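Asker: Input: one structure, supplied below.
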Amino acid sequence: DAKTTQPPSMDCAEGRAANLPCNHSTISGNEYVYWYRQIHSQGPQYIIHGLKNNETNEMASLIITEDRKSSTLILPHATLRDTAVYYCIVRVVGAGTALIFGKGTTLSVSS
Amino acid sequence: GAVVSQHPSWVICKSGTSVKIECRSLDFQATTMFWYRQFPKQSLMLMATSNEGSKATYEQGVEKDKFLINHASLTLSTLTVTSAHPEDSSFYICSAKTSGVTDTQYFGPGTRLTVL
């Protein structure tokens, strides 16, 4: 699976949008982009995934560049409960392989 | 989303004893489950892939005789830490994969193991 690069940490004010970037310049055509987050001492939580089109659900929006070499996860109105480590992972779908976690981005939301 | 549970959520045991951790997919069938381990301030490390009805596949450096994995049904996988030692103290997390086009992985809440 291709590797991803994320900033180690980011800060965001409560109520503002949090934009978390991810670089995946070596992504293959059959690899999806997945985002998970892990709140302290809990299991990772699935957020969203996409192949090439932008995606939106009740938690977040995923913007993937046209060349698919990078993406941005957007939390439109961050709250204190969104403080977590956010992981961007690229993975071939259907191969039965596990998600491989990098170091992720620690997002700190403050009031 | 799909729900995965783990039991127990935390356990404390004496060195040399064995501990069993259960992972269940509550509202879907999972032909494949995964076990991860996470040490403090580190990321999740994949330990093994568990397929229903067959032997688990272990990652390099993970002792298969120490970490016994059984995936006897489509909703249950167990991890047994045998002859546990203090260095096995960690946060153990399982995940289950849904079937379908995007086969998303859903994670359990984790089990905190402390070996005294």
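Asker: Return the pair list, or none, for Cβ contacts closer than 8 Å from residues in segment B:50-75 that are farther than 25 Å from B:Ser99 by Cα to residues that are open to solvent by 80 Å² or more (accessible area, probe 1.4 Å), at least 6 apart or on different chains.
Answerer: Listed pairs, sorted by first residue: none to list.
Asker: Taking only segment A:64-99 into account, find how many residues are buried (at least 18 other Cβ atoms within 10 Å of the Cβ) and within 14 Å of chain B (Cβ to nearest Cβ).
Answerer: Within segment A:64-99, residues that are buried (at least 18 other Cβ atoms within 10 Å of the Cβ) and within 14 Å of chain B (Cβ to nearest Cβ) number 10.
Asker: Looking at B:Ser18, B:Ser25, B:Ser73, can you tell me which residue is open to solvent by less than 20 Å² (accessible area, probe 1.4 Å) and within 15 Å of the chain's Cα centre (by Cα)?
Answerer: Going through B:Ser18, B:Ser25, B:Ser73 in turn, the sole match is B:Ser25.
Asker: Still on this structure, I have one more. For segment A:26-68, how many residues are touching a Pro at 6+ places or on another chain (Cβ under 8 Å) and assigned to a strand (DSSP E or B)? Can you show your working first?
Answerer: If we filter segment A:26-68 for residues that are touching a Pro at 6+ places or on another chain (Cβ under 8 Å), which is where we start, we get A:36-38, A:42-43, A:60-61.
Imposing the further condition that a residue be assigned to a strand (DSSP E or B) reduces the set to A:36-38, A:61.
Going through segment A:26-68 one residue at a time, the tally reaches 4.
Asker: For segment B:55-88, give me each residue that is more than 14 Å from every other protein chain (Cβ to nearest Cβ) and among the hydroxyl-bearing types (Ser, Thr, Tyr).
Answerer: Listed by number, the residues that qualify are B:Ser73, B:Thr75, B:Thr78, B:Thr80, B:Thr82, B:Ser83.
Asker: Give all pairs with beta carbons closer than 6 Å in which a residue from segment A:42-62 that is within 22 Å of B:Leu44 (Cβ to Cβ) meets a residue that is among the hydrophobic types (A, V, I, L, M, F, W, C) and part of a loop (DSSP other than H, G, I, E, B); count only pairs at least 6 apart in sequence or on separate chains.
Answerer: So the pair list comes out as A:Ile47/A:Met59; A:Ile47/A:Ala60; A:Ile48/A:Ala60.
Asker: What are the residues in segment B:1-31 that are part of a loop (DSSP other than H, G, I, E, B) and of a type in the set (Val, Ile, Thr), if any?
Answerer: If the condition is that a residue be part of a loop (DSSP other than H, G, I, E, B) and of a type in the set (Val, Ile, Thr), then B:Val3, B:Thr17, B:Thr31 are the ones that fit.
The values are calculated or read from the model by the stated rules, or taken from the named source; none is laboratory data. Since the structure is predicted, the reported quantities are computational estimates derived from the model, not experimental observations. Virtual Cβ from ideal backbone geometry, glycine too; neighbours counted across all protein chains shown. For accessibility, only protein heavy atoms count, side chains too; no ligands or nucleic acids. Shrake-Rupley method; radii C 1.70, N 1.55, O 1.52, S 1.80 Å.
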